[in-house]
Amino acid sequence: MSWGSCSVISRALVTPTSQLSRKCPNPASWQGRLSPPQSPSGWVSFHRVCWGCGSDQSHPSGGWSRAGQRRLPQDEANGHARPEEPRKAKPAARARREKPHQHGFAHRLLVAALKGHSSPVTCLDFSSNGKYLASCSEDRTVRLWSTRDLSGREHRCLRASMGLDHAELVRLSPDSRAFIVWLANAETIRVYKMTKKDDGSFTFTATSGDFPKKHKAPVINIGIAETGKFFMTASSDTTILIWSPKGEVLASINTNQMNNAYATVSPCGRFVASCGFTPDVKVWEVCFSKNGNFREVTRAFELKGHTAGVQSFSFSNDSRRMATVSKDGTWKFWDTDVEYKKQQDPYLLLTGQCAVLEPCRIALSPDGRTVAVAGGTDIVMYNTRRGEEEERFLGVHSHCITDLAFDTTGHYVVSCGDRAIRVFHNTAGHRAMVEEMEAMLKKTVNKATQERLEQQISSARKALAAIYGKKH
């Protein structure tokens with residue numbers, strides 16, 4: 001530090017002249033002094049004055065006031081050495097952040113727990129060809145799982161990042177070459193293309209331009225028609241929008257149900273249905289001309305029979321059967337293979353009692369033989385021939401179940417609610433097949449049909465034996 005022609009090195013209250021700068025022509029003239037020796041208030045100032053050049057410097061060390069003063073203890077002010085203070089103990093090391101506790105669940109029919117997401121999973125969707133299972137989570141990723149690995153020890157998946165947003169809903173395209181998501185923050189649909197590489201993996205690329213914002217209330221579900229001709233979005237008010245794949249609104253549907261609790265596109269790609277506050281399910285047909293141009297949306301039929309609001313519903317794979325669950329504590333099984341254009345109404349086939357808490361979700365197996373109902377953290381499986389409970393899975397997830405689905409073969413039922421996706425054997429489906437085939441076998445007289453039925457019964461029994469045999 002340079003003061004005119006003098007440089008000073010300070011280490012103590014009184015600096016030896018040997019340590020003063022050689023630039024001063026008269027180093028011996030530097031004197032350290034306390035000025036004043038001691039004030040009544042106990043405040044002292046330390047100055048170095050060069051009597052040769054007249055330079056004056058206050059103590060450069062820390063802890064000084066603007067006037068170059070600091071409070072000294074009485075003994076130090078009197079020239080006595082200050083006793084050394086004990087060294088402060090080092091602060092304790094910061095505790096390592098423990099990973100969130102993973103919910104433990106075990107059951108003899110549990111096939112696998114798919115673990116990869118670091119936050120709760122919000123939605124599941126199987127591809128039409130049955131090869132992939134898509135899942136989205138609050139961890140800002142969409143993961144693509146290979147269904148061939150479901151029963152194996154290792155579960156491979158591919159990861160698509162959503163950037164700074166996260167997907168609440170995900171749906172795979174009919175050709176399994178793309179998927180769409182509903183983004184929570186952007187409140188829009190975004191399309192991602194899936195490009196298959198030589199090693200069998202995919203690269204995910206977002207298409208340019210998201211869908212425009214049209215909904216005024218939170219979106220509760222999205223869907224893609226199996227034909228690929230339209231998308232659907234439904235919000236919690238009474239609005240359902242039909243979109244072209246390019247992001248143009250083709251039609252807007254007012255459900256007139258006070259609010260929408262659930263809505264979806266049928267597996268055949270012809271119908272859009274919704275349920276809500278009212279005790280019915282409304283179904284519309286989305287009509288296109290022969291050359292593929294959109295024509296109109298017309299009312300097809302309604303499912304009436306519940307005494308309270310319907311919470312959820314599901315189609316069979318051919319859309320000829322539907323299952324509904326209501327706040328009245330029942331679930332119902334319907335025959336929807338009707339000529340609705342001739343004003344024919346669906347037939348109620350069965351009514352069962354729910355054994356789970358509200359709110360409920362329902363899933364119908366692709367062949368229509370089994371119903372899965374989820375409420376809270378529990379899942380109950382029913383047979384649609386008699387409506388009897390077949391299996392019960394309690395405490396499947398640490399949080400309420402957010403999605404429930406059967407795979408395309410009907411062999412597995414999957415659920416999500418926390419960070420894990422849990423996969424179960426659909427043993428109720430195998431037993432239902434045996435029961436149905438045995439009833440048909442008693443009625444048939446054709447030998448070829450009898451042989452075919454016997455083979456199906458044998459296959460189903462072997463599958464059951466393998467499932468329970470592995471667990472025991």
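In table form, for the structure just shown:
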item	result
Subset of the range 133-157 (residues that are under 14 Å from Val423 (Cα atoms) and either in contact (Cβ under 8 Å) with a residue 40 or more places away in the chain or open to solvent by less than 40 Å² (accessible area, probe 1.4 Å) (or both))	Leu133, Ala134, Ser135, Trp145, Ser146, Thr147, Asp149, Leu150, Ser151, Gly152, His155
Complete set of residues in the range 286-301 that are touching a residue at least 40 places away in the same chain (Cβ under 8 Å), in contact with a strand residue (DSSP E or B) (Cβ under 7 Å, 6 or more places away or on another chain) and of a type outside the set (Phe, Trp, Tyr)	Val286, Glu296, Val297, Ala300
Members of the range 334-363 that are part of a loop (DSSP other than H, G, I, E, B), among the charged types (D, E, K, R) and in contact (Cβ under 8 Å) with a residue 40 or more places away in the chain	Asp345, Glu358
Matching residues, the range 190-203, being over 30 Å from Gln311 (Cα atoms) and either open to solvent by 50 Å² or more (accessible area, probe 1.4 Å) or not hydrophobic (A, V, I, L, M, F, W, C) (or both)	Tyr192, Lys193, Thr195, Lys196, Lys197, Asp198, Asp199, Gly200, Ser201, Thr203
Conditions (1) open to solvent by less than 50 Å² (accessible area, probe 1.4 Å); (2) closer than 26 Å to Glu226 by Cβ: number failed by Ala186	(2)
Residue count, the range 168-179 (criterion: surrounded by fewer than 24 Cβ atoms within 10 Å (Cβ to Cβ), over 15 Å from the mean Cα position of the chain (by Cα) and assigned to a strand (DSSP E or B))	2
Index of the failed condition, Thr307 passing every other in (1) touching a residue at least 12 places away in the same chain (Cβ under 8 Å); (2) part of a strand (DSSP E or B)	(2)
Some residue of the range 318-330 being open to solvent by less than 80 Å² (accessible area, probe 1.4 Å) and either on the phi > 0 side of the Ramachandran plot or without any contact (Cβ under 8 Å) to a residue 24 or more places away in the chain (or both)	yes
Qualifying residue in the range 364-373 (condition: touching a residue at least 12 places away in the same chain (Cβ under 8 Å), open to solvent by 10 Å² or more (accessible area, probe 1.4 Å), touching a Phe, Trp or Tyr at 6+ places or on another chain (Cβ under 9 Å) and more than 13 Å from Ser314 (Cα to Cα))	no
Criterion (in a strand (DSSP E or B) and surrounded by fewer than 18 Cβ atoms within 10 Å (Cβ to Cβ)) met by exactly one of Glu302, Glu390	Glu302
Output for the range 261-285, where each listed residue is closer than 15 Å to Ser236 by Cα, in contact (Cβ under 8 Å) with a residue 40 or more places away in the chain and open to solvent by 30 Å² or more (accessible area, probe 1.4 Å)	Ala261, Tyr262
Residues satisfying the stated conditions in the range 423-471, i.e. in contact (Cβ under 8 Å) with a residue 12 or more places away in the chain and open to solvent by 60 Å² or more (accessible area, probe 1.4 Å)	Arg431, Glu438, Met440, Glu454, Gln456, Arg461, Lys471
Where Ser314 falls short, out of the listed (1) surrounded by fewer than 22 Cβ atoms within 10 Å (Cβ to Cβ); (2) part of a strand (DSSP E or B); (3) among the hydroxyl-bearing types (Ser, Thr, Tyr)	(1)
Check on Gly130, under 23 Å from Ala363 (Cα atoms), open to solvent by less than 90 Å² (accessible area, probe 1.4 Å), assigned to a loop (DSSP other than H, G, I, E, B) and at pLDDT 65 or above	yes
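Here is a yes/no grid of residues against (1) more than 25 Å from the chain's Cα centre (by Cα); (2) closer than 16 Å to Pro218 by Cα; (3) modelled with pLDDT of 95 or more:
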| position | (1), (2), (3) |
| --- | --- |
| Ala261 | no, yes, yes |
| Thr264 | no, yes, yes |
| Val281 | yes, no, yes |
| Cys287 | yes, no, yes |
| Asn291 | yes, no, no |
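For (1) out of contact with any Ser or Thr (no Cβ under 9 Å at 6 or more places or on another chain); (2) free of Cβ contacts under 8 Å to residues at least 24 places away in the same chain; (3) buried (at least 19 other Cβ atoms within 10 Å of the Cβ), each residue gets a yes or a no:
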| position | (1), (2), (3) |
| --- | --- |
| Gly163 | yes, yes, no |
| Val181 | yes, no, yes |
| Ala206 | yes, yes, no |
| Asn221 | no, no, yes |
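The values are calculated or read from the model by the stated rules, or taken from the named source; none is laboratory data. Every value quoted in this text rests on a predicted model; they were computed, and no experiment measured them. Methodologically, a virtual Cβ is constructed for each residue, glycine included, from the backbone with ideal geometry; neighbour enumeration extends over all protein chains shown. Surface areas here come from the heavy atoms of the whole protein model, side chains and all, with no ligands, DNA or RNA. Shrake-Rupley method; radii C 1.70, N 1.55, O 1.52, S 1.80 Å.
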